[in-house]
Amino acid sequence: MKLLVINGPNLNMLGIREPAIYGAENYDTLCRIIYAFAEEHGIDVEIFQSNHEGDLVDEIQQAYGTADGIVINPAAYTHTSVALLDAVKAVGIPTVEVHISDVSRREDFRQISYIRQACLATISGHGLNGYIEAMELLIREAGR
Ligand code: DQA
């Protein structure tokens, strides 16, 4: 099984950006947690981060025929991007949306998620562990 984890803009700044909201752990720690989980469960995982919407679309398209599941934190593009929604719909790969913070308790403009309607589930407010929960969900889903 191969999973693709995609992170949108500013997530490379974890540990530096607004630690009261996103925590003190940096992006390398997030990657290490994801790789360790994948190794433990005998699955392949690729992690991709970009600050550019089109690069995120390209990455989703390239997953077609190669990835069995996508974990995506589109970050700010969650609230603006029809292109990411369309890309996930286009490839038809089971996808889980993750947010480190609990977006439901934040500003009004964060209450809209375009990508949500193409996702199996949304995990929000569970910190970095949300990525692990999303991978567990995709593994369970693949075993059905
Ligand atoms: C985020 C929440 C978004 O609203 C924000 O723009 C981010 C990160 C999260 O992980 O909590 O950059 O997706």
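Brief remarks on what is shown
- Packing-based ranking, highest mean first, of 19-29, 125-135 given that Cβ atoms within 10 Å are counted: 125-135, 19-29
- Listed residues LEU137, SER113, ILE34: farthest to the positive end of the dipole of the stretch 1-139 (Cβ charges): SER113
- For the stretch 2-141, the direction-averaged projected area of the alpha-carbon convex hull comes to 7.4 nm².
- Most mobile of VAL96, VAL71, VAL82 in a GNM of the chain (Cα contacts under 10 Å): VAL82
- Simple Cβ-charge dipole of the chain, Lys/Arg +1 and Asp/Glu -1, about Cα centre, in debye nearest 20: 320 debye
- Note on the stretch 47-129: with neighbouring protein chains present and a 1.4 Å probe, carbon and sulfur make up 47 percent of its accessible heavy-atom surface.
- Rounded if a/c under 1.5, otherwise prolate or oblate - the stretch 16-95, Cα gyration tensor axes: oblate
- Accessible-area value, HIS52, 1.4 Å probe, nucleic acids and ligands omitted, Å²: 110 Å²
- Counted over the chain, the DSSP beta bridges are approximately 0% antiparallel.
- Selected from VAL45, VAL98, VAL57 as most flexible by GNM, with the chain as the system and alpha-carbon contacts under 10 Å: VAL57
- Heavy-atom accessible surface of the stretch 12-111, averaged per residue, reaches 52 Å², computed with a 1.4 Å probe.
- Each helix, a run of at least 4 DSSP H residues, gives -39500 (n - 2.57); summed and divided by the residues of the chain, these come to -10500 deg cm²/dmol at 222 nm.
- Computed with the Debye formula from one identical point scatterer per Cα of the stretch 91-132, without solvent, the log10 of I(q)/I(0) at q = 0.14, 0.16, 0.29, 0.32 Å⁻¹ comes to -0.32, -0.42, -1.05, -1.13.
The values are calculated or read from the model by the stated rules, or taken from the named source; none is laboratory data. This structure is a prediction, so every number in the text was calculated from the model and none was measured. Reconstructed Cβ throughout: ideal geometry from the backbone, glycine too, with neighbour counts over all protein chains shown. Only protein heavy atoms, including side chains, enter the accessible area calculation; ligands, DNA and RNA are left aside. Shrake-Rupley method; radii C 1.70, N 1.55, O 1.52, S 1.80 Å.
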